[in-house]
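One structure is given below, encoded as structure tokens.
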Amino acid sequence: MLHDATCRAGNCLARAFALLAACTLVFAGAAWAQSGEPIKIGFSMALTGGLAPNGKSALLAQKIWEEDVNAKGGLLGRPVKLIYYDDKSSPAEVPAIYTKLLDIDKVDLIIGPYATAQIAPAMPIVIQRKKTFVALLGLAVNSEFNYPNYFCMIPSGPDAKPAFTKGFFDVAMAQEPKPQTVAIISADQEFSRNAADGARENAKEARLKIVYDKTYPPSTTDFAPIVRAIQATNPDLVNINSYPPDSVGMARAVNEIGFKPKMIGGGMVGLQATAIKTQLGPLLNGFTNYDFWLPVPKMQFPGVADLISRYQARAAAEGVDPLGYYMAPWGYGQLQVLQQAVEGTKSLDDAKLGDYIRANSFKTVVGDVRFGAKGEWAQSRVLQVQFQNVKGNDVAQFKDVSTQVVLTPSEYASGKVIYPYEKAK
């Protein structure tokens, strides 16, 4: 009996030591997989100010990417760490942030902030330091700089300025009778000016007469006088190129005044954000505007549904856009490009990373990505989406994308345009 008990105790002890050894190997393996200092990736992000709803949404997706990569062993055998600062939606804050990231924080890599107006002021520092720079949703930023190691996660394509509103004009010109006139209005900011430049090109190609073409100061808060001035020219089409606070003001003014052109929208930033959609509700009906991704059947790329599911599960606690359709896939995809470049080169060398990104395509949650001229996407894929049948201000109706009908490109279309605009009201 004593002998049997001793053997059983010995067996238990042996098993315990074996289990301890196995655990030690597992933890040692994890430590070996992520040894050394973390790879630091620096950037600025709009976390307060007018761009904050979109900036905070992108940041949550970027954090999810950071967690995913570290759970799989990091990059180059090292953990990754995102280092970011609030640029307060102010372009003036950006240069100091990127200087601090490089000189004080000593980050290994940098990525771009959100929005054209924020990306542009970072470019002189990027160029001076010869950094590879993957930016987030900037329109034609590199058209002036011509920097070879600039890349941007925005599907506007190599001819970025007109691509932004091409679908808007294509839909309009397919109607009968064809529209004859257009008004173009834009904020006096980098993105809006670029989008308006492209709209003029599209209008010229469509042989439309431009009857109104002006900019307004970014500080504008009362849009009724602008809308009345446009209305006085009686345009068939109205192309608006605006930032989020302006887009809200424009939509309200159009509805309050009862202005009913045949088609309106095109380049309004902010109408993609769930908070703004629910704020405006039925006032959005009939507006046709750009977007980059929606969960329509033809855009269910590998990994995107899982990302959106995990994002939405955390959105309320993080205080961000509850749906994440506009920013989340792009924030995650931006870092997927950088990740695959690091893995492909087995290096953090900016010159090698830039060469790799120019020469290769990337598997991301927004589909296959290849960069072309000036770091833009090799092919355009900007959507034009019309708001239809929005009722009340309930967020759930925007999760059901039947209220946001994809019109162009045709290969991603989910419905037909309601034309003219007033029929959608």
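Quick check, is Phe191 within 20 Å of the chain's Cα centre (by Cα), modelled with pLDDT under 95, of a type outside the set (Ser, Thr, Tyr) and outside the structural domain of Ala92 (by TED's automatic domain parsing)?
Against the criterion (within 20 Å of the chain's Cα centre (by Cα), modelled with pLDDT under 95, of a type outside the set (Ser, Thr, Tyr) and outside the structural domain of Ala92 (by TED's automatic domain parsing)), Phe191 qualifies.
Those residues that are touching a residue at least 24 places away in the same chain (Cβ under 8 Å), hydroxyl-bearing (Ser, Thr, Tyr) and assigned to a helix (DSSP H, G or I), I need them from region 304-338; list them, please.
Within region 304-338, the first condition is being touching a residue at least 24 places away in the same chain (Cβ under 8 Å), and the residues that meet it are 304, 307, 310-311, 314-315, 318-338.
Still in the list and also hydroxyl-bearing (Ser, Thr, Tyr): 311, 325-326, 332.
Scanning region 304-338 gives Tyr311, Tyr332.
Output the residues belonging to region 217-253 that are surrounded by fewer than 19 Cβ atoms within 10 Å (Cβ to Cβ) and either β-branched (Val, Ile, Thr) or assigned to a strand (DSSP E or B) (or both).
Thr220, Thr221, Thr233
In the set Ala172, Ala183, which member is touching a Ser or Thr at 6+ places or on another chain (Cβ under 8 Å) and either modelled with pLDDT of 95 or more or assigned to a helix (DSSP H, G or I) (or both)?
Ala183
So for region 141-151 (the condition being assigned by TED's automatic domain parsing to the domain that holds Val211 and aromatic (Phe, Trp, Tyr)), does at least one residue qualify?
So far as region 141-151 goes, no, none of its residues is assigned by TED's automatic domain parsing to the domain that holds Val211 and aromatic (Phe, Trp, Tyr).
Among Ala174, Ala135, Ala122, Ala115, which is the only one that is among the hydrophobic types (A, V, I, L, M, F, W, C), within 25 Å of Phe287 (Cβ to Cβ) and buried (at least 24 other Cβ atoms within 10 Å of the Cβ)?
Of Ala174, Ala135, Ala122, Ala115, the one residue that is among the hydrophobic types (A, V, I, L, M, F, W, C), within 25 Å of Phe287 (Cβ to Cβ) and buried (at least 24 other Cβ atoms within 10 Å of the Cβ) is Ala115.
From the list Lys88, Lys131, Lys81, pick out the single residue that is in contact (Cβ under 8 Å) with a residue 60 or more places away in the chain and over 20 Å from Arg193 (Cα atoms). Step through it out loud before you land on a result.
Working: Lys88 fails: in contact (Cβ under 8 Å) with a residue 60 or more places away in the chain; Lys81 fails: in contact (Cβ under 8 Å) with a residue 60 or more places away in the chain.
After applying the criteria, what remains is Lys131.
How about region 226-249: which of its residues are in contact with a Phe, Trp or Tyr (Cβ under 6 Å, 6 or more places away or on another chain) and closer than 20 Å to Gly198 by Cα?
Result: Ile230, single match.
The values are calculated or read from the model by the stated rules, or taken from the named source; none is laboratory data. Remember, it's a predicted structure, so these values are computed and weren't measured experimentally. All Cβ positions, glycine included, derive from the backbone under ideal geometry; neighbour counts span all protein chains shown.
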